[in-house]
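Worksheet: the structure to be examined is printed underneath.
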Amino acid sequence: MSTHAKTRIVGAPVPRKEGVEKLLGRARYVDDIEREGMWYGATVRSTIPRGLIREIGFDRRIDWSEFAVVTAADIPGQNHIHLIFADQPCLADGQVNHCDEAIVLLAHPDKCKVREAVAAVKIEYETLPAVLSIEESERQDVVVWGSDNLLKSFLLEKGDVEAAWAGAAHIVEGEYRTGAQEHLYIENNGVIAEYDEVDGVTVWGSLQCPYYVHKSLLAVFDLPEDKVRVIQTETGGAFGGKEDYPSTLASHAALLAKKSGHAVKMVYDRMEDLAATTKRHPSRVRHKTALDESGKLLAMDIEIATDGGAYSTLSSTVLSRATLHSPGPYVCPNVRVRSRAWATNLVPYGAFRGFGAPQAVFAVERHMDEVAAAIGLDPVELRRRNFLHDGDTTATEQVMREPVILDKLLDRALAESGYYAKRKKFVKENLSNPVKRGMGIAAFYHGSGFTGSGERNLNSLAGVDVTADGKVRVLVSSTEFGQGTNTVLTQVAAEAIGLDYDDVVMAPPDTGIVPNSGPTVASRTSMVVGKLIERASLQLVALLQEQAGLDEGFSRAEFFRACERYRAAKGEVVSLCRYEAPPNIFWDDQKYRGEAYPAYAWSIHVAQVAVDTVTYSAEVEDFWAVQEAGRVLNPVLAGGQIEGGIAQGIGYALYEKVVLQNGHMANNQMTNYIMPTAEDVPPIHVYFEEIPFSHGGYGAKGIGELPHDGPAPAILNAIRDATGVSFTSIPLLPEDLFLKLAARPIVEEAAAV
Amino acid sequence: MSTEFSSIDFLINGEKRSVRVPPMKRLLDVLREDLHLTGAKEGCGEGECGSCSVRLNGELVNSCLVPALQAQGARIQTVEGLALDGELHPLQQAFLHCGGAQCGICTPGMLMAATHLLANNPHPSMAEIREGLAGNLCRCTGFTRIFESVISAAAQSGEERHAR
């Protein structure tokens with residue numbers, strides 16, 4: 001079986017495919033690209049969260065004839081951004097539903113003039129009452145979306161939760177909250193668009209999903225598929241933040257290109273990007289948990305509410321993933337999850353690494369520590385008594401057919417971190433030290449690939465071809481934005497065919513060239529697309545063996561000679577494969593039951609945190625992450641994914657707060673939206689246990705999102721261990737620590753010495 | 001911004017260059033627009049992210065905060081000036097092998113900060129590396145492999161000195 005076989009290139013730390021170009025400063029990001037006669041675009045945005053547009057006024061001191069001006073009336077096709085539902089307009093028409101919603105677009109040859117002109121467009125509104133929080137939306141006294149403000153709801157039920165309460169030895173309840181989080185990719189959103197009556201629309205941009213943008217442009221311009229072309233440029237970070245937003249920005253730039261007759265570049269500055277683009281959904285999760293005398297779970301009743309913002313965008317699928325991750329990696333006979341995504345008059349929340357799982361995992365893993373404390377059990381022991389094992393069923397009745405090695409991961413995490421010895425030591429030291437230290441743990445899984453029947457519906461197509469100048473090209477719309485797509489997919493092809501790493505390159509991420517291998521999201525690229533490339537590569541070899549006289553045990557030179565023979569006889573040397581679901585995968589969308597994900601990656605995080613009771617700062621001093629994510633295709637890149645995700649998770653827990661004022665982000669600058677720096681990130685120790693997954697590319701499972709799920713609960717659990725005080729909400733800033741810790745001085749303990 | 005233009009001369013990556021630009025034009029824009037050196041990136045425009053870092057007369061600066069007139073007569077080094085005759089600089093080599101670059105957008109600035117650090121302190125401690133790179137934000141790596149890259153490059157240059 002290929003996933004277990006010894007490999008030459010897969011599993012090796014080969015250097016990043018596009019690494020040299022990036023290191024030389026030669027990689028071309030969208031803002032590094034100029035087009036002939038290019039103009040610059042800018043956006044006039046709403047300044048209120050909800051209201052009717054009464055008038056759009058243009059200051060007479062500006063000569064508007066120099067500008068291209070676009071409003072909703074200029075849209076040739078449908079005025080909506082295609083995603084799941086068609087409720088989000090491309091440009092507001094008559095009404096705005098959130099601050100910073102696009103109303104008017106401007107373009108001009110002079111970058112400075114177009115920026116100045118934005119302030120010279122005056123919008124007059126009749127304000128309408130706005131809904132700015134989950135609680136306001138739930139009350140439904142003001143309905144701002146549909147008939148009830150409810151963007152989506154799910155009900156997941158296993159067993160009978162209500163019947164379980166009576167027989168429980170313990171019942172523990174808790175409520176947990178998470179805030180919005182900004183992706184803070186260092187490259188802001190940006191695109192360049194051109195329009196031509198014959199060729200249609202061409203867009204170059206910083207984006208994750210070329211075919212999402214493609215589909216959206218088809219609707220906005222009412223054009224056939226071959227008249228829209230989307231090309232991804234080098235992308236400076238994305239993390240989900242360039243999953244759906246580029247469809248809006250590309251539509252805007254293309255409308256301006258059509259109106260002006262010029263190429264139009266729109267690159268947001270940081271303030272605009274922070275104020276107007278998507279963030280992670282804020283959440284409120286309630287747990288009610290029943291246990292027996294021995295600490296075994298009897299029932300978990302979970303209620304999830306997320307803030308979706310003004311339009312539905314991806315809120316339904318984010319909520320689905322939150323629902324499916326909310327019971328944690330535990331066996332429980334009775335589970336009920338009731339989840340709801342609520343509409344508010346805020347900038348629509350969107351995809352962000354983890355996609356609902358970090359919110360759900362924060363709640364359940366914080367709650368497990370509260371349960372442990374309530375029933376007087378060690379938090380590690382409570383988890384161990386309830387872990388899922390091979391053959392167990394999850395809350396959706398999915399049988400764990402692949403090995404589940406949570407105990408092994410836990411043992412390794414405890415050993416590597418010196419968990420118990422440290423806790424013992426800190427208990428002693430904390431008595432006399434104003435800096436209180438503690439250890440915290442989190443156990444979790446992350447489902448790889450699209451949820452439920454998602455991968456089947458995507459029906460991805462990917463493959464390889466061979467160019468006349470002797471290179472194998474990987475044909476995918478899966479994009480590189482730092483996570484390593486280029487490297488791992490070329491490794492897979494080189495391995496499967498039997499070539500050198502340098503023999504394989506990526507075809508340009510251009511919808512005019514590559515097939516639709518699905519969006520670059522959901523930790524699916526290595527596993528799902530990697531498998532397609534593995535299959536397509538083996539299929540190519542078989543084809544050449546059957547039809548071009550390629551012998552067994554061929555050399556590199558013989559392979560390329562066979563390709564030339566094939567080309568001369570039959571034409572293009574190409575091999576494409578379509579997605580095939582693993583057997584025994586069944587998902588019932590109606591009952592919300594079955595194989596929620598084809599595979600799960602598993603992880604244990606341990607955080608060592610110091611809380612300074614003089615300054616009220618919390619510092620993560622050390623961090624351990626043990627995971628099983630299938631086969632590791634490239635240890636350097638995989639390690640980098642885990643470390644980067646943990647750093648982002650530390651920011652989520654302790655630093656990153658989106659401050660809203662009447663629905664507008666007030667701290668939309670890097671000066672006051674704070675992410676962890678080189679001085680804030682602790683040493684991060686990363687360990688992999690590898691169990692190849694037979695339906696993933698060379699045994700890979702998803703890895704990209706997993707590391708963002710654990711840090712926040714592990715850190716807040718460590719803070720509880722350090723201070724004895726429970727915090728249930730993130731971000732947890734020094735002022736929040738102060739409010740609770742100052743009210744309950746820890747000095748008492750010191751006095752007791 | 002003044003629309004008057006001034007002639008500004010400097011030595012960039014060892015080469016004499018002259019531009020006519022408004023004196024308050026940001027050095028970052030002069031590099032990117034007038035000299036087509038697009039290695040330095042704009043991440044925030046307010047000196048927080050460091051992705052526009054260049055060295056100016058041996059000092060590490062955020063080129064988004066430096067007006068062009070301040071660069072008059074200066075020696076400027078950008079990421080484009082690191083590799084010599086197509087040979088990667090030891091830091092670039094180390095970043096490549098240790099995984100110090102992911103999406104690559106902070107990399108040019110990070111490389112300049114690391115170059116500056118090692119120029120002044122060839123064998124920095126971990127605390128000194130953290131401090132030296134604290135003005136450069138990376139959202140992908142969690143910094144761990146960037147630290148390893150700097151340590152590896154520092155060790156390598158030590159070995160080279162020994163070899164001589």
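The values are calculated or read from the model by the stated rules, or taken from the named source; none is laboratory data. These numbers were taken from a predicted model, which means no experiment stands behind them. FYI the Cβ positions are ideal-geometry reconstructions off the backbone, even for glycines, and counts take in every protein chain you see.
Per-structure values
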| item | result |
| --- | --- |
| Selection within the stretch A:475-508 - assigned to a loop (DSSP other than H, G, I, E, B) and either away from every other protein chain (no Cβ under 14 Å) or basic (K, R) (or both) | A:V476, A:S477, A:S478, A:G498, A:L499, A:D500, A:A507, A:P508 |
| Total residues in the stretch A:418-463, condition of a type in the set (D, E) and free of Cβ contacts under 8 Å to residues at least 12 places away in the same chain | 1 |
| Given (1) out of contact with any Leu (no Cβ under 8 Å at 6 or more places or on another chain); (2) touching a residue at least 40 places away in the same chain (Cβ under 8 Å), number of the condition A:R60 does not satisfy | (2) |
| Tally, over the stretch B:116-136, of residues that are crowded, with 24+ Cβ neighbours inside 10 Å and in contact (Cβ under 8 Å) with a residue 60 or more places away in the chain | 1 |
| Top-ranked residue in the stretch A:685-714 [being over 21 Å from the mean Cα position of the chain (by Cα), surrounded by fewer than 24 Cβ atoms within 10 Å (Cβ to Cβ) and not small (G, A, S); ranked as nearest to A:A275 (Cα to Cα)] | A:H685 |
| Residue match in the stretch A:668-677 (condition: surrounded by 20 or more Cβ atoms within 10 Å (Cβ to Cβ), within 13 Å of chain B (Cβ to nearest Cβ) and in a helix (DSSP H, G or I)) | no |
| Among the residues listed as B:T141, B:T115, the single one being closer than 30 Å to A:N189 by Cα, hydroxyl-bearing (S, T, Y) and more than 7 Å from chain A (Cβ to nearest Cβ) | B:T115 |
| Elements of type helices (runs of 4 or more DSSP H) contained in the stretch A:341-425, each with 3 or more residues being closer than 30 Å to A:H664 by Cα and among the acidic types (D, E) | none |
| Selected residue (only one of A:L83, A:L52, A:L24 is within 14 Å of chain B (Cβ to nearest Cβ) and hydrophobic (A, V, I, L, M, F, W, C)) | A:L24 |
| Unique match (being surrounded by fewer than 17 Cβ atoms within 10 Å (Cβ to Cβ), in contact with a Lys or Arg (Cβ under 8 Å, 6 or more places away or on another chain) and at pLDDT 95 or above) among B:L65, B:L69, B:L56, B:L96 | B:L65 |
| Failed item in (1) within 24 Å of the chain's Cα centre (by Cα); (2) surrounded by fewer than 16 Cβ atoms within 10 Å (Cβ to Cβ), with A:Y600 passing the rest | (2) |
| Lone unmet requirement of (1) more than 9 Å from chain A (Cβ to nearest Cβ); (2) under 22 Å from A:L637 (Cβ atoms) for B:G104 | (1) |
| Test: residue in the stretch A:37-45 that is away from every other protein chain (no Cβ under 14 Å), in a loop (DSSP other than H, G, I, E, B) and within 30 Å of A:G200 (Cα to Cα) | yes |
| Cβ-Cβ under 7 Å pairs, at least 6 apart or on other chains, the stretch A:98-121 side within 14 Å of chain B (Cβ to nearest Cβ), far side among the hydroxyl-bearing types (S, T, Y) | A:K111/A:Y40 |
| Residue that is over 22 Å from the mean Cα position of the chain (by Cα) and either small (G, A, S) or modelled with pLDDT of 95 or more (or both), where the choices are A:V361, A:V318, A:V331 | A:V331 |
| From A:A625, A:A610, A:A596, residue being within 29 Å of A:P358 (Cα to Cα), assigned to a loop (DSSP other than H, G, I, E, B), at pLDDT 95 or above and hydrophobic (A, V, I, L, M, F, W, C) | A:A596 |
| Subset tally (residues that are in a helix (DSSP H, G or I) and more than 24 Å from A:F387 (Cβ to Cβ)) for the stretch A:321-339 | 0 |
| Candidates B:V79, B:V54, B:V21, B:V66, filtered to the one that is within 20 Å of A:E187 (Cα to Cα), more than 10 Å from every other protein chain (Cβ to nearest Cβ) and either touching a helix residue (DSSP H, G or I) at 6+ places or on another chain (Cβ under 8 Å) or in contact (Cβ under 8 Å) with a residue 12 or more places away in the chain (or both) | B:V54 |
| Which numbered condition B:Q70 misses (of (1) more than 30 Å from A:F239 (Cβ to Cβ); (2) part of a strand (DSSP E or B)) | (2) |
| Condition broken by A:D273, with the remaining ones in (1) crowded, with 24+ Cβ neighbours inside 10 Å; (2) within 22 Å of the chain's Cα centre (by Cα) satisfied | (1) |
| Neighbours by Cβ (under 9 Å, 6+ apart or cross-chain): first from the stretch A:178-193, facing chain B (nearest Cβ under 8 Å) and in contact (Cβ under 8 Å) with a residue 40 or more places away in the chain; second of a type in the set (F, W, Y) and surrounded by fewer than 24 Cβ atoms within 10 Å (Cβ to Cβ) | A:L184/A:Y673; A:E187/A:Y29; A:N188/A:Y268 |
| Helices (runs of 4 or more DSSP H) within the stretch B:79-164 that include 1 or more residues among the basic types (K, R) | B:126-132, B:144-163 |
| Within the stretch A:351-365, tally of residues that are closer than 14 Å to A:A601 by Cβ and among the charged types (D, E, K, R) | 1 |
